[in-house]
Amino acid sequence: MEASKISILHLLFLFLMCLFSYPSQSFDLDPDDRDSLSTFKLSVHDPNKSLSTWVGSSCTNWTGLACENRTGRVVSINLTSLNLSGELHPSLCKLLFLEYLILARNNFSGTIPFCFGALRSLKTLDLSHNRLGGVIPDTVMRLKQLKRLVLRGNPDLGGSLPLWLGNFSMNLERLDLGFNSFRGEIPESLLYLKSLRYLNLESNCLSGNLHDFYQSLVYLNLASNRFSGTLPCFSASAQSLNVLNLAKNSIMGGIPSCISSLQVLAHLNLSFNNLKYGISPRLVFSEKLLLLDLSSNDLSGDIPAKIAKTTDKSGLVLLDLSHNRFSGDIPLKITELKTLQALFLSHNLLTGEIPPRIGNLTYLQVIDLSHNSLSGPIPLNIVGCFQLLALILNNNNLSGEIQPELDALDGLKILDISNNRISGEIPLTLAGLKSLEVVDFSSNNLSGTLNDAITKWSNLKYLSLARNKFSGNLPSWLFLFEDIQMIDFSSNKLTGLIPDGNFNGSLNFNNGNILRTMSTDPFITMRKVDIRISALVLNSNELSFTYKLSPVVGIDLSDNLLHGEIPEGLFRLQFLEYLNLSYNFLDGQVPSVEKMSSLRVLDLSHNSLSGQVPGNISSLQELTLLNLSYNCFSGLVPGKQGYRRFPGAFAGNPDLCVESSGEGCEKGSLPKVRGKTLKGEMEEGPISEWVFCLSAFLSFYFGVVALFCSSRARSYILRTKV
């Protein structure tokens, strides 16, 4: 037993001795290669000191390098994402044994060196996402061993695609020239290159008819070019093609049913083309298809009853048929696509009701059925889509009431049912939708008071209840949402005062941390919410959902029954861009606006505001629309204050003197204006100063006719609240 222990210890000792005596994997760089790399290092701007390890002779210490262990010759350079800049020094061309040169995601500029043709052993050349320009030098055709040529993301790199591109290397498997400036047609040699598996020419200026490819491609992306002609069958890739993206071209004709023979196709994007006609019932994709995007074409007819096979665990994840001319009902077969996570059918001619069985799609995250002619109620079964993040049903003919059970969709971020015929009140149970960020109930028949359920939507960025029949006092919690960008309560019957609350709670009204948008028609378009949803299908069959919200930062309380003075705090919101308080019964003086440096639209017209026009309004550099008409302002408006850029801004203020150049002060006149009719429509007609200033009413107690100048009386003459 004792001898056995000694034997084991002896063996362990010998093992440790061998381990420590084994020669290190560290080896010296070839002196010539070291000199070439040192010269390259001197030509590079390296703010992060990433190449500070390029000292000494040990290859393993040099960042991004790999060497042949016997000779010390450099075989690989990978300097991805090191924030390097400068031009590519020709000294790299002396690394004759180099097989992999990867300089992606830096800031290299200049042109691709002609001497790169000397790197005859090169298998991968990746210069993507830099600032290189010029053309691909013809010397690249000498790289007969090249398997991967990746030059994407160099916007100034372009010219015509070289004719030799498809026959210089019979080993070329991956060619990625996306997001550059190449023009002309695809060289015919590229259509027949047997070794090619991955081709990305996205976002260039390529043109010509779209041709078929005669090799077994796995990935083909020709999106965002100018290709025309009809859609080929890609039959040579029937058993291999996984991704086909031809979006944003000018492809015409119909979709041939032979496309469904692509057995392993996972992503098909034909959006933003000129495709026409109906979809053949024979066009049924395999359960391998995850993404089908046919949006923004001119496709018509009924949506096929069955567009793709599905199983419990595989099938479509995203279906986008929006912005076409599909008509008829939403087919029930869509509710059998059990793996579906995003359904876009907006901007079509669809009729009928939303299928109740849509609740069977328990993986759905996005439903967009907007801009159709759908009718009936919002089906209660939709709460079965318990993972729903966006429910967008605006611009249809939907009716009925908002069901209290919708509170089951507690992950909902976007709820848009605007421009329908929805009636009733906002259910108190919707307080449970605490994830809501965008709520648009505008242009319906909703009524009642604004209940406190809304205050639970603490993440709100956009809230519109405009053009409904809400009544009662404007709530005190109106400006308490920290992330709010736009509040629109216009065209209701709201009364009371504008709450003089804690305006500092609304962060976006007080800071500039959101993306600003410009508008050519600010008065109209600033109020409109533009929701741009991005749904990306990941390799794991999961959907990545994001959206961009692009209204300006604004408040619209116009066309209500509000009275009292404008709170001063409202005019201290530094980053407010749009403020519309017109067509109310507000009185008093206008607070100072000097802190509203971002203001672009200010409409206070058709109220009873008095006093002098604040002189600092004209100092607002961003202001493009100003309307103070039809109030009771008085005093002098000096011409030097620059109000001439707002024609008609002071119309209908008879006691206001607007100074004109060389003619002194003139009384405010009453030009032709657009006044409201009983039905809320706009009509044009002359209104004289006498009608505007004088109105009469009969007193039952005194029987005296009183002449007065009151904006409230004028407002009742110009418009009548229903």
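Residues of the stretch 352-486: accessible area per residue at 1.4 Å, in Å²?
I get 35 Å² per residue for the stretch 352-486.
Suppose R0 equals 60 Å; then what is the FRET efficiency for TYR547 and ARG645 from their Cβ-Cβ distance, rounded to the nearest 0.05?
Once rounded, the FRET efficiency stands at 0.95.
Can you give me the C-alpha center-to-center distance between the stretch 604-666 and the stretch 317-339, rounded to a whole angstrom?
Each part reduced to its Cα centre gives a spacing of 54 Å.
According to a simple spin-label model (label point 7 Å from Cα along Cα-to-Cβ), what is the distance in nm between ASN171 and SER121?
For SER121 paired with ASN171, the spin-label model returns 1.2 nm.
So what is the accessible area of the stretch 45-133 per residue, in Å², with the probe set to 1.4 Å?
Computed with neighbouring chains in place, this is 44 Å² per residue.
Using R₀ = 25 Å, calculate the FRET efficiency as 1/(1 + (r/R₀)^6) where r is the Cβ-Cβ separation of THR362 and LEU428; round to 0.05.
Result of the calculation: an efficiency of 0.40.
Indicate the gyration tensor shape class of the stretch 102-187 (rounded, prolate or oblate), computed on the Cα atoms with a ≥ b ≥ c the square roots of the eigenvalues: a/c under 1.5 is rounded; otherwise a/b larger than b/c is prolate and the rest oblate.
It comes out oblate by the Cα gyration axes.
Find how much the distance from ASN616 to SER314 grows on full extension, using 0.36 nm per residue of separation minus their present alpha carbon separation; answer in nm with one decimal.
Here the answer is 102.4 nm.
Using a 1.4 Å probe on the protein heavy atoms, what percent of the accessible area of the stretch 327-448 belongs to carbon and sulfur?
Heavy-atom surface of the stretch 327-448 belonging to carbon and sulfur, 1.4 Å probe: 49 percent.
Need one number: nm distance between label points at ASP302 and TYR277, each 7 Å from Cα along Cα→Cβ, rounded to one decimal.
It is 1.9 nm.
If you roll a 1.4 Å probe over the heavy atoms of the protein chains, what accessible area per residue do you get for the stretch 203-267, in Å²?
About 34 Å² of surface per residue is accessible.
Restricting to the stretch 60-112, what percent of DSSP beta bridges are antiparallel, rounded to 5?
Looking only at bridges with both residues in the stretch 60-112, the antiparallel portion is about 35 percent.
Work out, step by step, the length gained on full extension between THR63 and THR495: first 0.36 nm times the residue separation, then minus their alpha carbon distance; give nm to one decimal.
Here the answer is 148.6 nm.
Could the peptides 479-487, 554-562, 62-70, 418-426 be put in order, highest first, of the mean number of other beta-carbon atoms found within 10 Å of their residues?
Ranking, from highest mean packing down: 554-562, 479-487, 418-426, 62-70.
In the stretch 119-179, what percent of the accessible surface is made up of carbon and sulfur (1.4 Å probe, ligands and nucleic acids excluded)?
Reported share for carbon and sulfur atoms: 48 percent.
Which of the three applies to the stretch 82-149, rounded, prolate or oblate, going by the alpha-carbon gyration tensor with a ≥ b ≥ c and a/c under 1.5 meaning rounded?
Because a/c hits 1.5 or more and a/b exceeds b/c, the stretch 82-149 counts as prolate.
Measure off 7 Å from each Cα along the Cα-to-Cβ vector at ARG532 and SER660, then give the distance between these two points in nanometres to one decimal.
Label-label distance for ARG532 and SER660, simple model: 4.5 nm.
Suppose R0 equals 22 Å. What FRET efficiency, 1/(1 + (r/R0)^6) with r the Cβ-Cβ distance, do GLU568 and ASP483 give to the nearest 0.05?
0.40
Is any residue of the stretch 178-203 close enough, with backbone N under 20 Å, to a label point placed 7 angstrom from the Cα of SER109 along the Cα-Cβ axis, and if so, which?
180-181
Please list, in order, the residues from the stretch 117-149 whose amide nitrogen is less than 14 Å from a point placed 7 Å along the Cα→Cβ vector of GLU87.
132-135
If packing is taken as the average count of other Cβ atoms within 10 Å, what order do 494-501, 360-367 fall into, highest mean first?
360-367, 494-501
Could you state the number of Å between the C-alpha centres of the stretch 418-462 and the stretch 212-252?
45
The values are calculated or read from the model by the stated rules, or taken from the named source; none is laboratory data. Given the structure is predicted, the values throughout are model-derived calculations rather than measurements. A quick note on method: Cβ atoms are made from the backbone with ideal geometry, for glycine too, and the neighbour counts reach across all protein chains shown. Accessible surface is based on the protein model in full, side chains and every heavy atom, while ligands, DNA and RNA are left aside. Shrake-Rupley method; radii C 1.70, N 1.55, O 1.52, S 1.80 Å.
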